[in-house]
Amino acid sequence: MGSIGFSSLFSSPKVYKSPSAKSNLGLMERLSVDIHRAEGRKLNVPLLAPFTIATSKVEGVENVGIRVELKNGCCGWGEAPILPFVTAEDQTTALRKAAEACHFLNNTQAPMPLGHLLREIAQLLPGHHFASVRAGVEMALIDAVATSIGTPLWRFFGGVSNTITTDITIPIVSPTEAAQLASKYYKQGFKTLKLKVGKDLNADIQVLKAIRVAHPHCLFILDANEGYTSSEAIQVLEKLHEMEVTPILFEQPVHRDDWEGLGHVTRIAKTKYDVSVAADESCRSLADVREIVKRQLADVINIKLAKLGVLGALEIIDFAKASGLDLMIGGMVETRLAMGFAAHLAAGLGGFKYIDLDTPLLLAEDPVYEGYEVSGPTYKFTNARGHGGFLHWDNIACR
């Protein structure tokens, strides 16, 4: 790898004070990256139980792992998550596009600035349509560079904190199953439950009642994944109000393209019930966030690397903060590679009011070795270089 000369930057107080997307992008412009090998492979992992949301049902993780090795021997890891009806790519498409990106990286002839390399990847994998693969490649490149300069990712992104505390998700299940999960998570120390709703309004209310009995003091996030009409979403809030339950957040209550409905629910939720509304599927680009701010359509933006890419997420984070919106960070159904990267980013930057990075806890296996430490809802990051975790690459190839 070429000379990078970055150690002084990471010992400077300026890196840790008021971190922002702009400061991180500036750092990336000064790094020189020398690629030895890049490769993408299937990353398949079973779930403990089927994961059902309003728009899809997932039996297991079928993602794409990305490995980037530098000429100095340092490796970086990324993951392109695949979630039907949410991400634009399926696994076959993601593997093909990852191969194209890796072919480009493998044919770079000389060290290149990281920022320049990331812009080339953005041109090769543009927009929302290839955002998940782009995010996986960006993760691997950034992780490789952070590893090369001996810096953990949470410090690379600003060093605000080395821990995060996540909620945990209850998918669409029966009231009995929901109560059992709520009781289990209560014993594990989770204080915030994120409930998948939006498929059947009456069934959702029954599930909420059952959870309330099993975990009476939990905080609620409702996530409809576009499943309600605006009138149904308001009806849910009315029913909860009658139960004396106030969710701390109502995520994506209506279809992604129903801007009027989103704004209507946001206004009613805030003024009548003091509930914040988050835009998730409705926020797939900086242009979307600008429209949300202009028309006051939501209170919170859910940042997901798989729908925005890493650089796209950093731009939106800065804009949302400057516009007075609160931030949430979430993910698709991912292993500790992608979730760990997002968690490092959130901890390092700080300023995220809602943390939803729980899906590795829902997997039947953990393919990631080492990495962050887990204690119930708390993730703690060590001073290990980069992500701190890795895959046994040959084992992944056999799946």
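Give the residue, chosen from Gly340, Gly371, Gly389, that is in contact with a His (Cβ under 6 Å, 6 or more places away or on another chain) and not β-branched (Val, Ile, Thr).
Working: Gly371 fails: in contact with a His (Cβ under 6 Å, 6 or more places away or on another chain); Gly389 fails: in contact with a His (Cβ under 6 Å, 6 or more places away or on another chain).
Exactly one residue qualifies, and that residue is Gly340.
Residues are listed down the side, and each one gets a yes or a no for (1) farther than 29 Å from Leu361 by Cβ; (2) not acidic (Asp, Glu):
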site	(1), (2)
Arg30	yes, yes
Thr52	no, yes
Val58	no, yes
Glu79	no, no
Ala99	yes, yes
Gln109	yes, yes
Leu118	yes, yes
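Return yes or no: is Ala203 surrounded by 20 or more Cβ atoms within 10 Å (Cβ to Cβ), at negative phi and part of a helix (DSSP H, G or I)? First the steps, then the outcome.
Numbers: surrounded by 20 or more Cβ atoms within 10 Å (Cβ to Cβ): no; at negative phi: yes; part of a helix (DSSP H, G or I): yes.
When the stated conditions are applied, Ala203 does not pass them.
Please state which of the following conditions Asp366 fails to meet, knowing it meets all the rest: (1) in contact (Cβ under 8 Å) with a residue 24 or more places away in the chain; (2) part of a strand (DSSP E or B).
(2)
Can you list the helices (runs of 4 or more DSSP H) found entirely within the range 227-306 that contain at least 2 residues being surrounded by fewer than 19 Cβ atoms within 10 Å (Cβ to Cβ), more than 18 Å from the chain's Cα centre (by Cα) and aliphatic (A, V, I, L, M)? Even if it seems obvious, please write down each step before you answer.
Details: elements: 230-242, 259-273, 286-295.
Passing ranges, in order: 286-295.
Report whether or not Thr176 is under 24 Å from Glu59 (Cβ atoms), modelled with pLDDT of 95 or more, in the same structural domain as Ala347 (by TED's automatic domain parsing) and surrounded by fewer than 24 Cβ atoms within 10 Å (Cβ to Cβ).
yes
Only one of Leu345, Leu337 is closer than 19 Å to Arg41 by Cβ, assigned by TED's automatic domain parsing to the domain that holds Asp274 and at pLDDT 95 or above; which? Walk me through it before giving the result.
Numbers: Leu345 fails: closer than 19 Å to Arg41 by Cβ.
None of the others qualify; the one that does is Leu337.
On the basis of being closer than 21 Å to Pro360 by Cβ, within 16 Å of the chain's Cα centre (by Cα) and not in a helix (DSSP H, G or I), does Ile172 make the cut? Outline the logic, then answer.
On the way: closer than 21 Å to Pro360 by Cβ: yes; within 16 Å of the chain's Cα centre (by Cα): no; not in a helix (DSSP H, G or I): yes.
No.
Could you please give the count of residues in the range 131-177 that are over 30 Å from Asn202 (Cα atoms) and among the hydroxyl-bearing types (Ser, Thr, Tyr)? Walk me through it before giving the result.
Taking the range 131-177 as the starting set, the residues that turn out to be over 30 Å from Asn202 (Cα atoms) are 131-165.
So of that shortlist, the ones also among the hydroxyl-bearing types (Ser, Thr, Tyr) come out as 132, 147-148, 151, 161, 163, 165.
Total satisfying the criteria: 7.
Has the range 161-169 got any residue that is surrounded by fewer than 20 Cβ atoms within 10 Å (Cβ to Cβ) and charged (D, E, K, R)? Lay out the reasoning, then the answer.
Within the range 161-169, the first condition is being surrounded by fewer than 20 Cβ atoms within 10 Å (Cβ to Cβ), and the residues that meet it are 161-163, 165.
Imposing the further condition that a residue be charged (D, E, K, R) reduces the set to none.
For the range 161-169, residues surrounded by fewer than 20 Cβ atoms within 10 Å (Cβ to Cβ) and charged (D, E, K, R): absent.
Assuming Ala98 fulfils every condition listed in (1) buried (at least 23 other Cβ atoms within 10 Å of the Cβ); (2) under 30 Å from Val207 (Cβ atoms); (3) not assigned by TED's automatic domain parsing to the domain that holds Met332 apart from one, which condition is it?
(2)
Is it true that Leu141 is out of contact with any strand residue (DSSP E or B) (no Cβ under 6 Å at 6 or more places or on another chain), outside any loop (DSSP other than H, G, I, E, B) and more than 25 Å from Lys191 (Cα to Cα)? Break it down stepwise before answering.
Working: out of contact with any strand residue (DSSP E or B) (no Cβ under 6 Å at 6 or more places or on another chain): no; outside any loop (DSSP other than H, G, I, E, B): yes; more than 25 Å from Lys191 (Cα to Cα): yes.
No; evaluated as a whole, the condition is false for this residue.
The values are calculated or read from the model by the stated rules, or taken from the named source; none is laboratory data. Since we're looking at a predicted model, the values are computed, not measured. Virtual Cβ from ideal backbone geometry, glycine too; neighbours counted across all protein chains shown.
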